[in-house]
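Report on the following structure.
The values are calculated or read from the model by the stated rules, or taken from the named source; none is laboratory data. These numbers come from a predicted model, not from an experiment. All Cβ positions, glycine included, derive from the backbone under ideal geometry; neighbour counts span all protein chains shown. Side chains are part of the model used for accessible areas, which takes the heavy atoms of the whole protein and leaves out ligands, DNA and RNA. Shrake-Rupley method; radii C 1.70, N 1.55, O 1.52, S 1.80 Å.
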Amino acid sequence: MLIILSIIVVFITVYCLVKQYETRLVLFCSGVILALMGGDVMGPFKAFSHAMLESKLFEAIISVMGFAFVMKLTECDKHLINLLIKPLKKAGPLLIPATTLVTLFINTSITSSAGCSAAVGGILIPLLLAAGIHPAIAAASIYAGTYGAIFNPGYAQVAIIVDVAKSTPVAVVANHFPALLTAGVIGAFSLLVVAYLRKENKGYELPVEKMVEDTTGTFKVSLVRAFIPLLPILLLVLGSMNVIPALKQLQISHAMIIGVFCAFIVTRVSPQKISKEFWKGVGDSFGHVFGIIICALVFVGGLSSVGLIQALISLMISNPSIAKISSAVGPFLLGVMSGSGDAAAVAFNKAVTPEAVKFGLTSMDMGSMAAIGGALGRTMSPVAGGLIICATLAGVSPMEVAKRNAPGMILACIATLILLLYR
């Protein structure tokens, strides 16, 4: 009965999010109700405190938003957009799948979905909006590419599969590379179809207060200033790919601060103004972005308190007769509900994947399916931190972004299941 009641609460939560009630209020209240139903009075408060200690996520978000505010103050974003606006508009609707595939590539280096969303979204979302793409599609096109980390042999999920399958990182990645690449292409072009059907692939006009494109023809683009918004992500990619070993340990926040200093050197805007604007962005990100993430974690904590997540995992593990389907659907559904693809995939790969041979499968195939399934589910979850970041950068509801990503992620999960487990 408790599980049934908790499912009802989840459906009510989704309904409220679809109706665009205040996201933080809905998630926080739902998390508290679920925790009280589970008899865990302190659960919501523990989840709240735990969320406040997410230092790496917090550090990435506030630094990216602070950098974005500085780019607006120094007008470096205006130079970049005016430089790229004409070729972007000529690219037409292909700009949407191109953005997703570029993010997929970058995520192989910046493996955190939230960090990648912040770093890439802060740069590409304004460009997509300027090119006439609807804000929800712009946000979705970024987050739809944030499972490229599974291409990385050093990624944590790959390491777990390696341990279970008694193989090597390169072998695991080579095994699921075609399926994962197919999933990425399906997700990218499905989003294009969604945009086309909703007539959101062109024609969007930026509000006057956000307009950065020059309409008079008198604005002179500075290539140096236009390069500054791209500098942090370039440094991160060069470091993570070991092109420049000295940048190997560079964090997202460090790259953003370097970008701020370079903006000052290039533009000569008052350092006092830059400092004030940077910290204004930091404060804004805490209230709007991190506030939603905190409430989302409270909601997930409530799901754990009531035992819903554990019940789904147990159901998935205790039905070996449907192992092929459960290795995809189980982590996928848990990824949607919790906003994290890792938890479900790890639980499945630790408990079920070692017995893969009993189901007529290899541990490598089953392990990769669980990892990819969880990541795809997370990519359409309205409570995922990275999706919330993208939605905030675009100025839309997280649910609006999740709805647009859903068709592509479902199709990608089915295709991955066929390519990995039915070959």
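Worth a mention:
- Pairs with C-alpha atoms separated by more than 28 Å, drawn from the list Lys72/Lys220; Lys199/Lys276; Lys46/Lys350; Lys202/Lys403; Lys78/Lys276, are Lys199/Lys276.
- Compactness of the chain as Cα Rg over 2.2 N^0.38 Å, two decimals: 0.98
- Percent accessible area from carbon and sulfur atoms, the chain, protein chains only, probe 1.4 Å: 69
- Distance from the Cα centroid of the stretch 362-423 to that of the stretch 101-180 is 11 Å (rounded to whole angstrom).
- Count Lys and Arg as plus one, Asp and Glu as minus one, and take only other residues whose Cβ is under 15 Å from that of Val26; the net charge is then 0.
- Residues Phe299, Phe45, sorted by accessible area with the largest first, give Phe45, Phe299 [1.4 Å probe; ligands and nucleic acids excluded].
- Surface per residue (accessible, 1.4 Å probe) for the chain, Å²: 43
- Solvent exposure, largest accessible area first (probe 1.4 Å, DNA, RNA and ligands not counted), of Arg268, Arg24, Arg404: Arg268, Arg24, Arg404
- Compared with the alpha-carbon gap, the fully stretched path from Val41 to Ser275 is longer by 80.1 nm at 0.36 nm per residue.
- Axial C-alpha extent at least 30 Å, average Kyte-Doolittle at least 0.0 - helices from the chain (DSSP): 169-197, 398-421
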